[in-house]
Amino acid sequence: MKKAIHTDRAPAAIGPYSQAVRAGGFLFTSGQIPVDPAAGDIPAGIKAQAQQSLDNIAAILAQAGLDRSAVVKTTVFLKDMNDFAAMNEVYAQFFEGPAYPARSAVEVARLPKDVLVEIEAVAQPGCGRLTITGIVAAALVVHGFGMKLSGRMDVIHFKDMAAAADGTGIM
């Protein structure tokens, strides 16, 4: 079963496609070009365009109840491969290492609206932040428990307990 994801905090689809689709345990975003969804503007320069494309991906992830830590694979389309290093600076600040997403980067002849970069992402719910059922999450929050994760003590905070109500258990 697949489910379309849509948010007003990322550019609207301009054709017969979805901003993202959840299917088979993954979230697949469409390629995001650097259009500011509020103003419709395209920033100048590769760094600003890469940042806007990544911000659009972050907005779609948030609508799906995820964050950038769930991204397992990206594809970066560049108008000019000479822009790779500048794009990579922004990319490295956006994603947290050491387990960066797998990535492909290719130069293309042309991109929509003649932008310099387009980025798409694949995310897997549960591989980034903790996913648990709503009942257990409620007990953890009510009782203020911490959990031992990756050799450090983390306290779990949930912004939206309703996320578990959709049956996925994804917080």
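The values are calculated or read from the model by the stated rules, or taken from the named source; none is laboratory data. As the structure is a prediction and not an experimental result, all values here were calculated from the model. Cβ coordinates were reconstructed from backbone atoms using ideal geometry, including for glycine residues, and neighbour counts include every protein chain displayed. Ligands, DNA and RNA are stripped out before the accessible areas are found, and what is left, the full protein with its side chains, is counted by its heavy atoms. Shrake-Rupley method; radii C 1.70, N 1.55, O 1.52, S 1.80 Å.
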#### Entry: Options ILE156, ILE135; residue that is modelled with pLDDT under 95 and either out of contact with any Phe, Trp or Tyr (no Cβ under 8 Å at 6 or more places or on another chain) or within 25 Å of TYR17 (Cβ to Cβ) (or both)
ILE135
#### Entry: Extreme residue, surrounded by the most Cβ atoms within 10 Å (Cβ to Cβ), among residues of the range 6-58 that are in contact with a Ser or Thr (Cβ under 8 Å, 6 or more places away or on another chain) and part of a strand (DSSP E or B)
ALA20
## Note on the structure
Residue pairs qualifying under the 8 Å Cβ cut-off, at least six apart or on distinct chains, with the first in the range 15-30 being over 10 Å from VAL122 (Cβ atoms) and free of Cβ contacts under 8 Å to residues at least 24 places away in the same chain and the second being among the hydrophobic types (A, V, I, L, M, F, W, C) and open to solvent by less than 50 Å² (accessible area, probe 1.4 Å), are SER18/ILE5; VAL21/ILE5; VAL21/LEU27
### Task
Select, from ALA99, ALA109, ALA121, ALA62, the only residue that is closer than 23 Å to GLY25 by Cα, outside any helix (DSSP H, G or I) and modelled with pLDDT of 95 or more.
ALA121
